[in-house]
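Undergrad: My questions will all concern the structure given below.
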Amino acid sequence: MMDLPERKMKILQAIIRNYLESGEPVGSRTISKYTDLHLSSATIRNEMSDLEEMGLIKQPHTSAGRIPTDAGYRIYVDDMLRSEKQEVQDIKDVLIKKQDRLESLLQQVAKLLAANTNYPSLISAPTLKKNKIKFIQLSQIDPQNILAVIVIEGNLVRNTMIRVDEVLDAKDLLRLNMLLNNSLCGLSVDEINLGLIASIKKQAGLHSEIIGRVVDSAAEAIQPDDNPRIYTSGADNIFRYPELGDRAGELISDFEEKKNLSNIVEESLQDNNETGIQVYIGNEMPMASMKDCSVVTATYDLGGDMKGTIGVIGPKRMDYDRVVKVLKEIMTQLDTLYKRQGEDENDGQRE
């Protein structure tokens, strides 16, 4: 990749962006208004002459402005991909740190809940029920493959490899990236309908098949997660209650292996009410192993539609009043604890 001085790079970027928007040759006066360099038209003309000598822009006819050459597009795309590759890596790094922090927090909450109630406890990782696309980036990996990087809200990254029959040039790849992001960014899976997909494919022209596969991958990436991660604690508390003795082994197995617990989480999130507390007694739960139990759950909300379930499982004679009070307190404090961990991490980075 040619290493351009910053000023020339900004002028080249301004020419290409303006040309992509208008389809017309770009003159120095337009660039003087388009960049933040605050240069005179004469200075910009000199820089444009240098770019033309370098083969990055050309003049389609006398007295016209300039348009980018294939080499100019290549410089522009490589710089864009390099910047966005770094952005994606930064997002991944943040995501890993945030995930580790959240996992530790949820494990602590599960232990705290079991210790304060003397019942087995569970807590599910938050899920996004209405994921939205943040941005999409296509990159040509080799002549047969294009990598589609799909970033969704919450900075979750999904990668999909797409096989192609031809190498896309820099101009086509840039236009497909702009088409995808202009059409899909900010949309949830419910908003990506057949009419929108047909419109995007039509605009993609010869590359409609590639676009179709990217849209399918994007829609799959933002599908709600039906299998949230679940953390548990205090399974041996079951032995405190003789009436559960006959089912203790089965209950502990279900609890430690997370069997059926996802059903509790899903039921809780769907039945969420004004108080955020749900109580299921005996046969009200679909699991046969818990027909002699009661389950009390609460729905917590970390903002941005990130919701999860906290719950305890115990005998029908459980201390409902105490359990509900503890759940409400934890539900209130979880958001504060989560935010505090984020602030502590930011403070550490500043130091």
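Undergrad: Do the conditions hold for Leu112, that is, is it in a helix (DSSP H, G or I), surrounded by 15 or more Cβ atoms within 10 Å (Cβ to Cβ) and at pLDDT 85 or above?
TA: Details: in a helix (DSSP H, G or I): yes; surrounded by 15 or more Cβ atoms within 10 Å (Cβ to Cβ): yes; at pLDDT 85 or above: yes.
Answer is yes for this residue.
Undergrad: Just to confirm my filter: which strands (runs of 3 or more DSSP E) fall fully inside region 120-216 and include at least 3 residues that are free of Cβ contacts under 8 Å to residues at least 24 places away in the same chain and not assigned by TED's automatic domain parsing to the domain that holds Leu56?
TA: Qualifying strands (runs of 3 or more DSSP E): 156-163.
Undergrad: Within region 42-52, identify whether any single residue is out of contact with any helix residue (DSSP H, G or I) (no Cβ under 8 Å at 6 or more places or on another chain), part of a helix (DSSP H, G or I) and crowded, with 17+ Cβ neighbours inside 10 Å, and answer yes or no.
TA: no
Undergrad: Hey, another quick one. Which condition does Thr232 not pass, out of (1) of a type outside the set (Phe, Trp, Tyr); (2) part of a strand (DSSP E or B); (3) free of Cβ contacts under 8 Å to residues at least 24 places away in the same chain, if it passes all the others?
TA: Unmet for Thr232, out of (1) of a type outside the set (Phe, Trp, Tyr); (2) part of a strand (DSSP E or B); (3) free of Cβ contacts under 8 Å to residues at least 24 places away in the same chain: (3).
Undergrad: Does Glu243 fit the bill of being touching a helix residue (DSSP H, G or I) at 6+ places or on another chain (Cβ under 6 Å), assigned by TED's automatic domain parsing to the domain that holds Ile313 and of a type in the set (D, E, K, R)?
TA: It is false that Glu243 is touching a helix residue (DSSP H, G or I) at 6+ places or on another chain (Cβ under 6 Å), assigned by TED's automatic domain parsing to the domain that holds Ile313 and of a type in the set (D, E, K, R).
Undergrad: Further question: Name every residue in region 53-73 that is among the small types (Gly, Ala, Ser), touching a residue at least 12 places away in the same chain (Cβ under 8 Å) and assigned to a loop (DSSP other than H, G, I, E, B), in order of residue number.
TA: Gly55, Ala64, Gly65
The values are calculated or read from the model by the stated rules, or taken from the named source; none is laboratory data. None of the values given here were measured: they were computed from a predicted structure. Heads up, the Cβs are rebuilt from the backbone with ideal geometry, glycines too, and the neighbour counts pull from every protein chain shown.
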